[in-house]
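Here the structure is laid out as structure tokens; the discussion comes afterwards.
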Amino acid sequence: MTFWTGGLSGWQRPWLRIGAIAATLLGTQACLIIDNTPPPDDTSSISGTWTIDGGAPTAAACGAIGIDTVELVLYTPGALNPSLRLAADCSSGSIDSRASTATIFAGDYEVAFDGYLGTARVAAGDRSAVRLIARDHARVSTNFVSGTGFDPRGSDATVEAAWTIAGATPTSSTCAALGISDIRIAFQNGAGWYEHPDLVVPCSVGNIDTRPTPVIRAGNWTMQVQALDASGAIVAQGMAASLAVTAGSHVIMDAIDFTGGAFNPLGSDATVEGSWQLNTRAPTTDSCYALGIDRVRFVLFAATDTAFENGVVVFQSQCSQGRFDTRPMAVVRAGSYLWALEAVDAAGEIVTDYSEMTPITVPADSHIMLPLVDYQFPTTLTLGLDWQSPSGAYTTCAGAGVATYSYTLRRDGAIVATLDARPCQDLVSFNSTDTAGFSPGNYALYFEGFNGAGRKQWSIQPATCDAIRVDNNGIVYDTCAASYTP
């Protein structure tokens, strides 16, 4: 504990200096020799069937929806790359791993059905959890809906979007200078875009807001704000966003600024795929909420923008989804870029991010697969206490006359950890009650220290020790003032 006279006579206000010693992950380390070869009877199998618009698939029905091949894709939970791909002709209506040479070991997996036309994926199914039991067979199924059935119109949710031209309110002349006639909110439908008739307005209007009239049907939609020329061709676009629209909700698209000549990586040359974890675990609604993460967005920067200052959001997806894949929709222009995956809160503020300093080269007609990003947050918050004597020298708990202590750690006024009546230590550790770890943000410490007779000698209030900040993979800290009762 710090006694400090500052060169003045008499006792002055003492100091308790709180320093972040480490942000560690709980666990032990051991040397293990692991045989990764499962026993021969630890195998399983899986088959999948599908329908088209609820009916048995035929060559005509497959041709009508533009699918000639169906793949059954198996992933380990949260994995970016599939463990197994099985392909069959669309009209066959089924796939069975027992008819292949593939070996599948028992365990928990995620499964999806994808539809292809040649080498282009034109229908991407959502992943579903499946458990494969040893010496057993699992069956899964799906239904492909024809393109004529794609219709996001409905009366479940309202939608809003706004745009500017070179940072200013759009006018007829500034829109015309960029060759923009109309603005629309479009919905991805396979490799194309669906134009909602109620979500197209002249560029000079500056915004779309359907409230109080709901115009979108509840469901999972990929949406994008697009600028069109007089012929209806897309001349510029905002980021694409994968959104889960629920009944009664109001969807707000991120504001976009259309600027001629500015850095713009958005285009139709390449698709992109990425995934993320939270502390090596697949994200869930609960773990994302605990860390204050609403969604993850893919951002591109010019290859020369090594300070990562002027990025353009290309795509974003809800945190709990753990991944995004824009296929079959190309969303990136060919070029060389720096990139980042930014985890943001509901207000769009960055909670944490991952930035890649090595440029990626995006060729035309390509698919970019980003490496798995693991956002790490400390599960143990360790604070070091430096006790300073009247002479200015640092000492220990015993030297400061502190035998026991009580601490309370708070975030935004809420108690997140307590330690009561513990023997005094110079290192104090708090363990997170959530497996996701300590959410980034500002923390405050309340402290009471007692001598051997149980008399309180030291204390600090959260108001005077509120600059302990947890960031991704680290802690930024400040010095805390403490009162002394002789």
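The values are calculated or read from the model by the stated rules, or taken from the named source; none is laboratory data. Bear in mind that the values here come from a model prediction, so they are computed numbers and not experimental data. All Cβ positions, even for glycine, are placed from backbone atoms using ideal geometry, and neighbour counts span all protein chains on display.
Mind listing whichever residues of the range 181-220 are crowded, with 16+ Cβ neighbours inside 10 Å and in contact with a Ser or Thr (Cβ under 8 Å, 6 or more places away or on another chain)? Passing the criteria: Phe187, Gln188, Leu199, Cys203, Ser204, Gly206, Thr210, Pro214, Val215, Ile216, Ala218. Taking the range 39-64 as the range and being at pLDDT 80 or above and of a type in the set (Gly, Ala, Ser) as the test, the residues that pass are Ser44, Ser45, Ser47, Gly48, Gly55, Ala56, Ala59, Ala60, Ala61, Gly63.
Within the range 90-118, the set of residues being part of a strand (DSSP E or B) and at positive phi comprises Gly107 only. Return the total of residues in the range 285-298 being closer than 14 Å to Asp254 by Cα and surrounded by 22 or more Cβ atoms within 10 Å (Cβ to Cβ). Total satisfying the criteria: 3. Looking across the range 248-268 at every residue that is modelled with pLDDT under 90 and not in a loop (DSSP other than H, G, I, E, B), the one that is surrounded by the fewest Cβ atoms within 10 Å (Cβ to Cβ) is identified as Asp257. Filtered by the rule that a residue be more than 15 Å from the chain's Cα centre (by Cα), modelled with pLDDT of 90 or more and more than 18 Å from Gln224 (Cα to Cα), the range 309-342 gives Ala334, Gly335, Ser336, Tyr337, Leu338. Within the range 335-351, residues that are of a type in the set (Asp, Glu) sit with their Cβ atoms under 6 Å from residues that are not in a strand (DSSP E or B), at 6+ positions apart or across chains, in these pairs: Asp345/Gly292; Asp345/Asp294. Residues in the range 275-306 that are in contact with a strand residue (DSSP E or B) (Cβ under 9 Å, 6 or more places away or on another chain) and without any contact (Cβ under 8 Å) to a residue 12 or more places away in the chain: Thr304 only. Screening the candidates Ala330, Ala334 for the property of being buried (at least 18 other Cβ atoms within 10 Å of the Cβ), under 22 Å from Ile234 (Cα atoms) and small (Gly, Ala, Ser) yields one hit, Ala330. Checked against (1) farther than 30 Å from Ser432 by Cβ; (2) at pLDDT below 85; (3) crowded, with 17+ Cβ neighbours inside 10 Å, Gly78 passes all but a single condition, namely (1).
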